[in-house]
Structure formats: structure tokens, C-alpha cells
Amino acid sequence: MLNIEQIIEIADNQVFEHQGQHLNDLQRAILEGTLQGRTYADIAKEQHHSEKYIKDSASKLWKSLSQAVGKKVNKFNVKSTLGRCTFSSKGRCSFSSTNIFTINSGNLFKESAPSPENHEIIHKQEQITSHLDLKDAPEIGDFYGRKVELSLLQQKILQGKCNLITLLGIKGIGKTALALKLVDHIKENFEFVIYKSLKSLPSLTQLITETIYPHDQLIPDNSPHQLSQFKKAIEKHSYLIIIDDVNYIFSKHQVSGKYQPGYEAYGNLFKLLSTTKHRSCLIINSSEEIRELSLPRSPTSLRSRGSKWDLN
């Protein structure tokens, strides 16, 4: 069952997808109070507004949510209606490297032809992982479905066609579980298998220091030289790295993809990953679009930019 924070996150994502802006603080407060069973009068007192102002703001909020999800939303059904969005929402799964394509609602679209210059990720199927660091990964429990996605991901990675994968979608749709289940299937093919979450807001320096193994002689700052060392490491060795919860380094209630102060250097990392050929595979999970890994959109067509494909 979804908790209040997850339902608010779903509402925020749905409104942003439809209107291009996040819920403001008052809208979040109204939604949270409603989900907790509080009256408009209680919310008004807490937010230092009149009850009429809260009622009017709530009416506008329900209208926005109704337009965003395509169903009538009010204070009585908001929890059940948004809860169903978890299963019907279009979480996008996009692949990045010399071949990029998108899986959307279970439909598979043809990708560009393989590049003859692409490096093979896998050299020996029987290769044994020499360093496994999944201590921070959550327990995924029972895993159901997603067989098509798992098979496709495994195929593309093991054939050496894809060394950067972005899993995009609202919280609660199973991005982390999918990535970790995939690790179980393919970890023997990589020298180093590492899971890192950005939920605790590590600096880029900290992320690189804790990820690259062995990590001696790292330059202790966010300079381009450190990114260069990271690049050399993933070119020299075969890493399988999950970078989870990327949305935590973005500013909330602002333009999508805007980094929190002090975390702008991550943009350079994502640019590097989107343009570099290497022996490793990185899986990036986020509930918010990552500009450096995004594809251009068109209202009606499936199109390519170089070897990148996106469904619009």
C-alpha cells in the first residue's frame, strides 16, 4: 500500500507531466492534509489562510489532478485514484550508448543498426566477479512480471550494444527492483558490481571515490581530472554500476532537471557517460528527467538523433 509521501509524489509527477510545473507548497499541504483526513478548516488554520481560500485552492488542485490523470479527482477519491496511477503510469525505460531506444507501455520499437566501432562489454561468459558491493541496495523481496524488460535489458547489455541505461518513472513503479533483478542475471559477466544511491546526497567526489575500485590516487575534488580518472577506470575494467535515486540531487518545486546548489558537477558526469564508449555498464534510476541524458521530443513521431531513438 502506498504511503502519503508516495501519493503526493505521484500527484506531483502527474501534474508536472501535464502542466510542466510541480505542485507548490500550499497544494502539497492541502493534499497531505486531505490524505490525513483533516478538514479544510484545520488546514486553513495550520497554513494561516482563510477556510474559503483553502477551499478555492483545493478546488483548483482537484481540477488540475483530474486533467492530469484523465479521471475526476476530489477529496474523497484522491487516494484511490492516484494509487491506481502507480500501475497505469507510463514509466519510460530508455537506453543510451551507440544504440538507444525506448520501451513504453510494453511496446518495443526498432533500434538503430549496431556500430562496428562499439566496444564489446563481455569477453568471457564464465568470468567471475572479483568485487561485489551491494551492501546499500534495498531488499527487493518477491519479484513478479517485467519478464520482457528483463530479457531485453539482458540481451542488449550482454551483446555489448548498450553501456548506459536510464530507468525513468514515478516512485513506486519498481525501477530499483528491476535494476537489482537484472544484476542477479548478469553480475558474473563483470569484474566489479556496485550499487550506489544518491538519497543521502553524496558529492560527486564521494560517489566516485566509493565507486572506483581500487580507488587510490583519486584527486580529492570535483575537477575534470577526477572525471577523467573515472572514465579511464570504466574503460580499463568492466564495471556494472547502479546509480539510484538520482532525483534527490535535483531541486524540488522548480524546473525539472535543475540541480541543487553544489551538485551541478553531476551534470558533467552524465554528459561524460552519454558520450563515452567503454567496457562497463551503468544503470541510472530517476523519477525525474535528466537533461544530459534526455532525447528531443516531437508531438507525434518516433524519431532519431544520430543513433538515439525516442517515442513521443
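Nothing in this text is a laboratory measurement; each read-out follows from the coordinates by a stated rule. A quick note: this is a predicted structure, and the numbers were derived from the prediction, not measured. Positions of Cβ are generated from backbone atoms using ideal geometry, with glycine treated the same way; all protein chains shown enter the neighbour counts.
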With +1 on the Cβ of every Lys and Arg and -1 on the Cβ of every Asp and Glu, the dipole magnitude of region 2-73 about its Cα centre, in debye rounded to the nearest 20, is 380 debye
The set of residues whose placed amide H lies less than 5 Å from the amide H of CYS281, leaving out same-chain residues fewer than 5 positions away, is TYR239, LEU240, ILE241
In whole Å, largest first, the alpha carbons of region 160-205 cover along the principal axes 29, 29, 19
So the pair-distance distribution of region 10-72, from every Cα-Cα distance in 5 Å bins, comes to percents of 4, 19, 30, 24, 15, 9, 0
